[in-house]
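These notes concern the structure reproduced below.
Please treat every number below as a calculation from the coordinates, not as lab data. Since this is a predicted model, take the numbers as computed values, not measurements. When we count neighbours, we look across all protein chains shown, and the Cβ atoms used for this are built from the backbone with ideal geometry, even at glycine.
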Amino acid sequence: MLNGRELAIFRKQLLGWFRQFQRDLPWRRTKDPYRIWLSEIMLQQTRVAAAIPYYERFLQRFPDVHALAGAPPDEVLRLWSGLGYYSRARNLQKAAQQIVAKHGGQFPIRLDDVLALPGIGSYTAAAILSIAFGEKYAVLDGNVARVLARVGAIRGDLRESRRWQELQRTADRSLEPKSPGDWNQAMMELGATLCTPKSPQCLLCPIAQSCEGRKLGIAESLPEKRKKRATVEVTLAAAVFADKNGHTLLLPPPKNTEEKASANHVPTLVSRMSHFPTVAVEGEAAGDLIASLRKMSPGSQGRKWQLVPAGKVRHSVTYRAITLLPFLIEVRELPRISGAKQVPLSEVSSLPVSNLTRKVARSALEARAPAPAKR
Ligand code: SF4
């Protein structure tokens, strides 16, 4: 950890570099905590370039916390659709409602109040409070931890609890107290642009002279690798009904439960959004699916359904590698399934559904499309 004069030089060089070379990003042109909060949530699992159009569209539709709090949840999900990790959007809206109900629509400034909002952890709270209000809280995420590990030549798994706490203390002590917002953004910017996971650009780095990892020639090997969780293969089967008008059935978003999700837990794999009737395959895919459909629709016992394989969908969710087998079921009349909605199959992709469901719809539509006429 740097101290005294070394720390002063480190701060000055990093801040000076940030103020001169920072990227011009839409959320850097504002001090509005709502906008900064939205950008931080979007950037949690999404690259900057991918997040910008979503950020702008979202703000056009929901320009402030009141607009977001009062919006239909489906509309919020629709504008999030394609960004993935939909719990972020749900929590964003719940937090907006809490801000309206408890804080009169003003984003809270006390750390405890911010941490009490759904979807906000210590990193996001520190980012919003420092950037929007100039509060002295240091951020620590993967990017910042990598920079600190290299500067201090810290070895081992950074996510290990004691090491992470030590990194937080280092981040707190490094924070430039006069400009905490700029300081936090400077650390993030360095991690995102020069001190990247592979091939850090030490020759261009404003703090190269303070960096122990560079001096020891080990910067590139830090942080040391964590043990990766082994990939688990999951097979699912989904029913894509289609009636003569091209309508299909989507089940409603599964309810949250306390149960611990297994690798093939369907509600988790469909991102808790509307989805085709889907089962985890234990034996034979079509047989497992039919058995589950009969249970969902007790009135359909006498009906014969022909399940036509409609391609194969591959998708991954965290450590799971999913193979989903869609089956097209052409019917005169859609069966009755509690809570299910009838929607045009061709419009499923524009509804608030997960990317997995979108891929299933595309695969079924391709299977349904008439073969090109022979010449
Ligand atoms: S000198 Fe290299 S390793 Fe050290 S902080 Fe700068 S870019 Fe990262």
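The table that follows gives values for the structure above.
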{"item": "Local electrostatic count, Ser300, Cβ distance below 14 Å [Lys/Arg +1, Asp/Glu -1]", "result": "+4"}
{"item": "Nearest 10 degrees, 0 to 90: helix 355-368 Cα axis against the chain principal axis", "result": "30"}
{"item": "Principal-axis tilt of helix 33-43 within the chain, Cα atoms, nearest 10 degrees", "result": "70"}
{"item": "Kirkwood Rh in Å, taken over the stretch 217-364 so that all alpha-carbon pairs contribute", "result": "16.4"}
{"item": "For the chain, size of Cβ-based charge dipole, Lys and Arg +1, Asp and Glu -1, in debye", "result": "600"}
{"item": "Exposure proxy ranking, count of Cβ atoms within 10 Å, fewest first, for Thr278, Thr268, Thr357", "result": "Thr268, Thr278, Thr357"}
{"item": "Expected 222 nm ellipticity per residue - DSSP helices of 4 or more, -39500 (n - 2.57), all of the chain, to 500", "result": "-13000 deg cm²/dmol"}
{"item": "Lysines whose Cα lies under 21 Å from that of Lys227, excluding same-chain neighbours fewer than 8 positions away", "result": "Lys198"}
{"item": "Angle in degrees between helix 4-21 and the longest Cα principal axis of the chain, rounded to the nearest 10", "result": "50"}
{"item": "For the chain: relative contact order, % (alpha-carbon pairs under 8 angstrom, 6 or more apart)", "result": "15"}
{"item": "Net charge of neighbours whose Cβ lies under 10 Å from the Cβ of Ala321, counting Lys and Arg as +1 and Asp and Glu as -1", "result": "+1"}
{"item": "Cα Rg, Dmax (largest Cα-Cα span) when computed across the stretch 100-159, Å", "result": "14.5, 46"}
{"item": "Potential lengthening between Lys304 and Asp112 on full extension [0.36 nm per residue; Cα-Cα distance subtracted]", "result": "63.3 nm"}
{"item": "Proximal charge balance of Gly287 [Cβ under 15 Å; K/R count +1, D/E count -1]", "result": "0"}
{"item": "Ranking of Trp17, Trp37, Trp183, Trp27 by count of other Cβ atoms within 10 Å, fewest first", "result": "Trp17, Trp27, Trp183, Trp37"}
